[in-house]
(Lines give C-alpha, C1' and ligand atoms only; values in the text may rest on other atoms or scores of the structure.)
Protein backbone atom coordinates (compact mmCIF):
# COMPACT_ATOMS: atom_id res chain seq x y z
CA UNK A 1 0.00 0.00 0.00
CA UNK A 2 1.49 3.31 -1.05
CA UNK A 3 1.12 6.41 1.13
CA UNK A 4 -1.60 8.81 0.01
CA UNK A 5 -0.48 11.78 -2.13
CA UNK A 6 0.58 14.78 -0.16
CA UNK A 7 -1.22 18.06 -0.60
CA UNK A 8 0.68 20.33 -3.06
CA UNK A 9 2.67 23.08 -1.37
CA UNK A 10 1.59 26.68 -1.66
CA UNK A 11 2.67 28.54 -4.79
CA UNK A 12 4.92 30.87 -2.77
CA UNK A 13 7.96 28.96 -1.61
CA UNK A 14 11.46 29.94 -0.58
CA UNK A 15 13.88 28.44 -3.09
CA UNK A 16 16.98 27.04 -1.34
CA UNK A 17 20.38 28.34 -2.36
CA UNK A 18 22.71 25.84 -4.06
CA UNK A 19 24.58 25.20 -0.81
CA UNK A 20 21.54 25.09 1.46
CA UNK A 21 20.64 21.91 3.32
CA UNK A 22 17.63 20.40 1.51
CA UNK A 23 14.32 20.34 3.33
CA UNK A 24 13.24 17.01 4.77
CA UNK A 25 11.67 14.89 2.02
CA UNK A 26 8.04 13.81 2.35
CA UNK A 27 7.41 10.68 4.38
CA UNK A 28 8.83 7.62 2.67
CA UNK A 29 10.89 9.53 0.07
CA UNK A 30 14.67 9.29 -0.01
CA UNK A 31 15.45 12.87 -1.07
CA UNK A 32 13.94 16.19 -2.13
CA UNK A 33 15.82 19.33 -3.12
CA UNK A 34 17.48 21.23 -5.94
CA UNK A 35 20.09 20.05 -8.43
CA UNK A 36 23.17 20.85 -6.37
CA UNK A 37 21.86 19.01 -3.32
CA UNK A 38 20.77 16.11 -5.54
CA UNK A 39 24.28 15.68 -6.93
CA UNK A 40 25.61 15.33 -3.40
CA UNK A 41 22.91 12.80 -2.57
CA UNK A 42 23.54 10.73 -5.72
CA UNK A 43 27.23 10.52 -4.82
CA UNK A 44 26.18 8.36 -1.87
CA UNK A 45 24.04 5.98 -3.96
CA UNK A 46 25.64 2.80 -5.42
CA UNK A 47 26.16 3.15 -9.18
CA UNK A 48 24.16 0.00 -9.99
CA UNK A 49 21.11 1.01 -7.94
CA UNK A 50 17.84 1.97 -9.60
CA UNK A 51 15.51 4.67 -8.32
CA UNK A 52 12.16 6.24 -9.02
CA UNK A 53 12.07 10.01 -9.15
CA UNK A 54 9.80 13.00 -9.70
CA UNK A 55 10.55 16.38 -11.25
CA UNK A 56 8.82 19.16 -9.29
CA UNK A 57 7.97 22.75 -10.14
CA UNK A 58 8.96 25.49 -7.63
CA UNK A 59 5.68 25.00 -5.75
CA UNK A 60 6.51 21.32 -5.18
CA UNK A 61 3.91 20.00 -7.66
CA UNK A 62 5.17 16.93 -9.57
CA UNK A 63 5.18 17.27 -13.37
CA UNK A 64 7.18 14.20 -14.42
CA UNK A 65 7.83 10.71 -13.03
CA UNK A 66 10.71 8.52 -14.12
CA UNK A 67 12.92 5.58 -13.32
CA UNK A 68 16.68 5.58 -13.68
CA UNK A 69 20.13 4.97 -12.28
CA UNK A 70 23.28 7.01 -11.95
CA UNK A 71 22.75 10.61 -13.08
CA UNK A 72 19.71 10.00 -15.30
CA UNK A 73 17.44 12.24 -13.20
CA UNK A 74 19.74 15.21 -13.89
CA UNK A 75 19.70 14.74 -17.67
CA UNK A 76 16.24 16.20 -18.16
CA UNK A 77 17.41 19.76 -17.57
CA UNK A 78 20.26 19.34 -20.07
CA UNK A 79 17.90 17.86 -22.67
CA UNK A 80 15.39 20.69 -22.23
CA UNK A 81 18.10 23.32 -22.61
CA UNK A 82 19.53 21.44 -25.60
CA UNK A 83 22.81 20.87 -23.77
CA UNK A 84 22.69 17.09 -24.19
CA UNK A 85 23.82 15.11 -27.26
CA UNK A 86 20.84 12.77 -26.79
CA UNK A 87 17.92 13.46 -29.12
CA UNK A 88 14.77 12.87 -27.12
CA UNK A 89 11.46 14.62 -27.51
CA UNK A 90 8.87 15.05 -24.82
CA UNK A 91 8.07 18.67 -25.72
CA UNK A 92 5.69 19.17 -22.79
CA UNK A 93 8.28 18.14 -20.21
CA UNK A 94 11.04 20.14 -21.90
CA UNK A 95 8.98 23.31 -22.21
CA UNK A 96 7.94 23.06 -18.56
CA UNK A 97 11.61 22.82 -17.52
CA UNK A 98 12.58 25.76 -19.73
CA UNK A 99 9.84 27.92 -18.22
CA UNK A 100 11.12 27.16 -14.71
CA UNK A 101 14.74 27.87 -15.64
CA UNK A 102 13.86 31.08 -17.50
CA UNK A 103 11.92 32.32 -14.47
CA UNK A 104 15.08 32.11 -12.36
CA UNK A 105 13.60 29.51 -10.01
CA UNK A 106 15.03 26.10 -9.17
CA UNK A 107 13.92 22.91 -10.81
CA UNK A 108 13.29 20.60 -7.85
CA UNK A 109 13.77 16.84 -7.63
CA UNK A 110 12.45 14.05 -5.45
CA UNK A 111 14.08 10.62 -5.27
CA UNK A 112 11.11 8.52 -4.31
CA UNK A 113 12.67 5.12 -3.59
CA UNK A 114 15.96 3.30 -4.10
CA UNK A 115 16.12 -0.23 -5.54
CA UNK A 116 18.97 -2.72 -5.67
CA UNK A 117 20.52 -3.72 -9.00
CA UNK A 118 18.38 -6.89 -9.13
CA UNK A 119 15.11 -5.04 -8.39
CA UNK A 120 14.54 -3.29 -11.73
CA UNK A 121 11.11 -4.87 -12.14
CA UNK A 122 9.98 -3.54 -8.77
CA UNK A 123 11.31 -0.13 -9.78
CA UNK A 124 9.27 -0.23 -12.99
CA UNK A 125 6.11 -1.13 -11.11
CA UNK A 126 6.69 1.70 -8.63
CA UNK A 127 7.08 4.12 -11.53
CA UNK A 128 3.75 2.95 -12.92
CA UNK A 129 2.08 3.41 -9.51
CA UNK A 130 3.42 6.97 -9.16
CA UNK A 131 2.15 7.94 -12.61
CA UNK A 132 -1.26 6.50 -11.77
CA UNK A 133 -1.32 8.38 -8.46
CA UNK A 134 -0.46 11.82 -9.80
CA UNK A 135 -2.08 11.39 -13.22
CA UNK A 136 -0.96 12.55 -16.65
CA UNK A 137 -2.21 15.88 -18.00
CA UNK A 138 -4.16 13.99 -20.66
CA UNK A 139 -5.97 12.22 -17.78
CA UNK A 140 -6.58 15.37 -15.74
CA UNK A 141 -3.45 15.12 -13.57
CA UNK A 142 -0.27 17.18 -13.36
CA UNK A 143 2.27 14.94 -15.14
CA UNK A 144 3.75 15.52 -18.60
CA UNK A 145 4.53 11.80 -19.04
CA UNK A 146 3.35 10.43 -22.38
CA UNK A 147 2.92 6.81 -21.30
CA UNK A 148 1.52 5.20 -18.17
CA UNK A 149 4.91 3.80 -17.21
CA UNK A 150 7.44 1.20 -18.24
CA UNK A 151 5.75 -1.08 -15.74
CA UNK A 152 2.90 -1.45 -18.24
CA UNK A 153 4.20 -3.83 -20.95
CA UNK A 154 1.66 -5.05 -23.46
CA UNK A 155 1.50 -8.55 -22.00
CA UNK A 156 -0.04 -7.32 -18.75
CA UNK A 157 -3.37 -6.36 -20.31
CA UNK A 158 -3.75 -7.93 -23.77
CA UNK A 159 -7.44 -7.07 -24.07
CA UNK A 160 -6.77 -3.41 -23.41
CA UNK A 161 -3.88 -3.42 -25.88
CA UNK A 162 -6.02 -5.03 -28.58
CA UNK A 163 -8.84 -2.56 -28.00
CA UNK A 164 -6.51 0.44 -28.13
CA UNK A 165 -4.82 -0.77 -31.29
CA UNK A 166 -8.22 -1.13 -32.95
CA UNK A 167 -8.92 2.56 -32.41
CA UNK A 168 -5.82 3.52 -34.43
CA UNK A 169 -4.81 5.78 -31.57
CA UNK A 170 -3.35 3.46 -28.94
CA UNK A 171 -0.46 1.10 -28.22
CA UNK A 172 0.26 -1.50 -30.89
CA UNK A 173 3.28 -3.78 -30.31
CA UNK A 174 3.39 -4.59 -34.02
CA UNK A 175 3.72 -0.91 -34.97
CA UNK A 176 6.29 0.83 -32.77
CA UNK A 177 6.46 3.96 -34.95
CA UNK A 178 2.72 4.36 -34.89
CA UNK A 179 2.69 3.73 -31.14
CA UNK A 180 5.24 6.53 -30.61
CA UNK A 181 3.10 9.01 -32.55
CA UNK A 182 -0.10 7.81 -30.89
CA UNK A 183 1.38 8.39 -27.44
CA UNK A 184 2.51 11.85 -28.48
CA UNK A 185 -0.85 12.79 -30.00
CA UNK A 186 -2.74 11.27 -27.08
CA UNK A 187 -0.80 13.41 -24.62
CA UNK A 188 -2.16 16.51 -26.36
CA UNK A 189 -5.67 15.64 -25.32
CA UNK A 190 -6.64 12.52 -27.20
CA UNK A 191 -8.24 11.87 -30.56
CA UNK A 192 -10.19 8.85 -31.77
CA UNK A 193 -8.28 8.57 -35.04
CA UNK A 194 -4.78 10.00 -35.17
CA UNK A 195 -4.33 12.56 -37.99
CA UNK A 196 -0.54 12.20 -38.06
CA UNK A 197 0.87 8.87 -39.17
CA UNK A 198 4.29 7.31 -39.83
CA UNK A 199 5.39 8.18 -43.35
CA UNK A 200 6.29 4.58 -44.04
CA UNK A 201 2.66 3.50 -43.66
CA UNK A 202 1.31 6.09 -46.07
CA UNK A 203 4.01 6.86 -48.60
CA UNK A 204 2.10 5.27 -51.48
CA UNK A 205 -1.01 7.33 -50.70
CA UNK A 206 0.58 10.76 -50.49
CA UNK A 207 -0.90 13.30 -52.87
CA UNK A 208 -0.94 17.07 -52.92
CA UNK A 209 -3.40 18.42 -50.37
CA UNK A 210 -6.73 19.57 -51.78
CA UNK A 211 -9.89 21.05 -50.25
CA UNK A 212 -11.96 18.35 -48.62
CA UNK A 213 -15.26 17.43 -50.32
CA UNK A 214 -16.83 16.89 -46.88
CA UNK A 215 -19.51 19.27 -45.71
CA UNK A 216 -17.47 20.90 -42.94
CA UNK A 217 -18.87 23.83 -41.02
CA UNK A 218 -16.79 24.70 -37.98
CA UNK A 219 -13.21 23.83 -37.10
CA UNK A 220 -12.74 21.37 -34.25
CA UNK A 221 -10.14 20.92 -31.55
CA UNK A 222 -8.89 17.93 -33.53
CA UNK A 223 -8.02 20.24 -36.43
CA UNK A 224 -6.16 22.57 -34.07
CA UNK A 225 -4.36 19.65 -32.40
CA UNK A 226 -3.10 18.48 -35.80
CA UNK A 227 -1.43 21.84 -36.36
CA UNK A 228 -0.12 22.03 -32.79
CA UNK A 229 1.34 18.52 -32.94
CA UNK A 230 3.33 19.27 -36.09
CA UNK A 231 4.76 22.35 -34.36
CA UNK A 232 5.47 20.81 -30.94
CA UNK A 233 7.07 17.65 -32.33
CA UNK A 234 9.97 19.75 -33.63
CA UNK A 235 10.07 22.11 -30.62
CA UNK A 236 8.67 24.95 -32.72
CA UNK A 237 6.19 27.75 -32.07
CA UNK A 238 3.35 29.30 -34.03
CA UNK A 239 4.16 32.60 -35.71
CA UNK A 240 2.58 34.39 -38.70
CA UNK A 241 3.73 32.89 -42.01
CA UNK A 242 6.22 30.56 -40.30
CA UNK A 243 6.03 27.29 -42.30
CA UNK A 244 4.73 24.19 -40.55
CA UNK A 245 6.15 21.20 -42.40
CA UNK A 246 3.69 18.51 -43.35
CA UNK A 247 6.45 15.87 -43.11
CA UNK A 248 8.70 16.06 -40.05
CA UNK A 249 10.88 13.96 -37.75
CA UNK A 250 9.78 13.13 -34.21
CA UNK A 251 12.28 11.73 -31.68
CA UNK A 252 10.48 9.66 -29.00
CA UNK A 253 11.82 9.61 -25.47
CA UNK A 254 12.74 6.00 -24.52
CA UNK A 255 11.79 6.81 -20.93
CA UNK A 256 8.18 7.25 -22.06
CA UNK A 257 8.15 3.94 -23.92
CA UNK A 258 5.61 1.28 -22.77
CA UNK A 259 6.56 -1.68 -24.99
CA UNK A 260 9.13 -4.45 -24.62
CA UNK A 261 10.34 -3.76 -28.18
CA UNK A 262 13.02 -1.07 -28.51
CA UNK A 263 11.85 2.50 -28.83
CA UNK A 264 12.45 3.85 -32.35
CA UNK A 265 15.07 6.61 -32.21
CA UNK A 266 13.24 8.61 -34.85
CA UNK A 267 9.85 8.54 -36.57
CA UNK A 268 9.31 10.41 -39.82
CA UNK A 269 5.70 11.54 -39.62
CA UNK A 270 3.21 13.04 -42.04
CA UNK A 271 -0.08 14.87 -41.63
CA UNK A 272 -2.45 12.57 -43.48
CA UNK A 273 -4.37 13.69 -46.56
CA UNK A 274 -7.78 14.00 -44.93
CA UNK A 275 -6.48 16.05 -42.01
CA UNK A 276 -4.63 18.43 -44.36
CA UNK A 277 -7.71 18.81 -46.53
CA UNK A 278 -9.98 19.57 -43.57
CA UNK A 279 -7.63 22.24 -42.25
CA UNK A 280 -7.54 23.94 -45.65
CA UNK A 281 -11.28 23.81 -46.25
CA UNK A 282 -11.98 25.22 -42.77
CA UNK A 283 -9.51 28.06 -43.47
CA UNK A 284 -7.43 27.28 -40.38
CA UNK A 285 -4.34 27.59 -42.57
CA UNK A 286 -3.31 28.02 -46.17
CA UNK A 287 -1.13 25.70 -48.19
CA UNK A 288 2.43 26.50 -49.15
CA UNK A 289 2.48 24.40 -52.33
CA UNK A 290 5.71 22.93 -53.65
CA UNK A 291 4.47 20.33 -56.11
CA UNK A 292 5.77 17.62 -53.79
CA UNK A 293 3.83 16.36 -50.75
CA UNK A 294 7.16 15.69 -49.00
CA UNK A 295 7.93 19.41 -48.82
CA UNK A 296 4.46 20.94 -48.49
CA UNK A 297 3.82 23.20 -45.53
CA UNK A 298 1.00 25.03 -43.79
CA UNK A 299 1.07 28.78 -43.22
CA UNK A 300 -1.08 30.66 -40.69
CA UNK A 301 -1.77 34.38 -40.38
CA UNK A 302 -2.49 36.11 -37.07
CA UNK A 303 -6.23 35.49 -37.29
CA UNK A 304 -5.75 31.80 -37.94
CA UNK A 305 -3.25 31.49 -35.09
CA UNK A 306 -5.76 33.13 -32.75
CA UNK A 307 -8.43 30.69 -33.93
CA UNK A 308 -6.17 27.68 -33.30
CA UNK A 309 -5.28 29.03 -29.85
CA UNK A 310 -8.96 29.51 -28.99
CA UNK A 311 -9.77 25.92 -29.98
CA UNK A 312 -6.93 24.57 -27.84
CA UNK A 313 -7.66 26.74 -24.81
CA UNK A 314 -5.52 29.21 -22.87
CA UNK A 315 -4.14 26.59 -20.46
CA UNK A 316 -2.84 24.29 -23.18
CA UNK A 317 -1.35 27.15 -25.19
CA UNK A 318 0.48 28.44 -22.10
CA UNK A 319 1.65 24.99 -20.94
CA UNK A 320 3.02 24.16 -24.38
CA UNK A 321 4.50 27.64 -24.99
CA UNK A 322 2.89 27.32 -28.39
CA UNK A 323 2.94 30.97 -29.45
CA UNK A 324 6.12 32.75 -30.46
CA UNK A 325 6.77 36.02 -28.58
CA UNK A 326 5.35 39.11 -30.24
The residue that is farthest from the chain's Cα centre (by Cα), considering only those in the stretch 200-224 that are at pLDDT 90 or above and either assigned to a loop (DSSP other than H, G, I, E, B) or over 17 Å from residue 287 (Cα atoms) (or both), is 219
Every listed condition ((1) at pLDDT below 75; (2) in a loop (DSSP other than H, G, I, E, B); (3) more than 15 Å from residue 256 (Cβ to Cβ)) holds for residue 170 save (3)
Looking at the structure I just gave you, is residue 298 part of a helix (DSSP H, G or I) and either surrounded by fewer than 20 Cβ atoms within 10 Å (Cβ to Cβ) or touching a residue at least 60 places away in the same chain (Cβ under 8 Å) (or both)? no
Quiz prompt | Residue match in the stretch 125-135 (condition: in contact (Cβ under 8 Å) with a residue 40 or more places away in the chain, farther than 21 Å from residue 39 by Cα and in a loop (DSSP other than H, G, I, E, B)) | solution = no
Picked from the stretch 267-291 (must be out of contact with any helix residue (DSSP H, G or I) (no Cβ under 9 Å at 6 or more places or on another chain) and in contact (Cβ under 8 Å) with a residue 40 or more places away in the chain), the residue surrounded by the most Cβ atoms within 10 Å (Cβ to Cβ) is 277
Scanning the stretch 100-124 residue by residue, those assigned to a helix (DSSP H, G or I) and surrounded by 16 or more Cβ atoms within 10 Å (Cβ to Cβ) turn out to be 100, 123, 124
Exactly one of 269, 310, 239 is under 20 Å from the mean Cα position of the chain (by Cα) and assigned by TED's automatic domain parsing to the domain that holds residue 180, and that residue is 269
**Asked** Within the stretch 61-77, is even one residue modelled with pLDDT of 90 or more, crowded, with 19+ Cβ neighbours inside 10 Å, over 15 Å from residue 255 (Cα atoms) and not assigned by TED's automatic domain parsing to the domain that holds residue 180?
**Response** yes
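Here is a yes/no grid of residues against (1) modelled with pLDDT under 90; (2) assigned to a helix (DSSP H, G or I):
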residue: 283; (1), (2): no, no
residue: 290; (1), (2): yes, no
residue: 307; (1), (2): no, yes
residue: 315; (1), (2): yes, yes
residue: 319; (1), (2): yes, yes
Residues of the stretch 123-162 being at pLDDT below 50 and either out of contact with any helix residue (DSSP H, G or I) (no Cβ under 7 Å at 6 or more places or on another chain) or more than 11 Å from residue 67 (Cβ to Cβ) (or both), in sequence order, are 152, 153, 154, 155, 156, 157, 158, 159, 160, 161, 162
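The values are calculated or read from the model by the stated rules, or taken from the named source; none is laboratory data. What you are looking at is a predicted structure, and each value in this text was computed from that prediction instead of being measured. Reconstructed Cβ throughout: ideal geometry from the backbone, glycine too, with neighbour counts over all protein chains shown.
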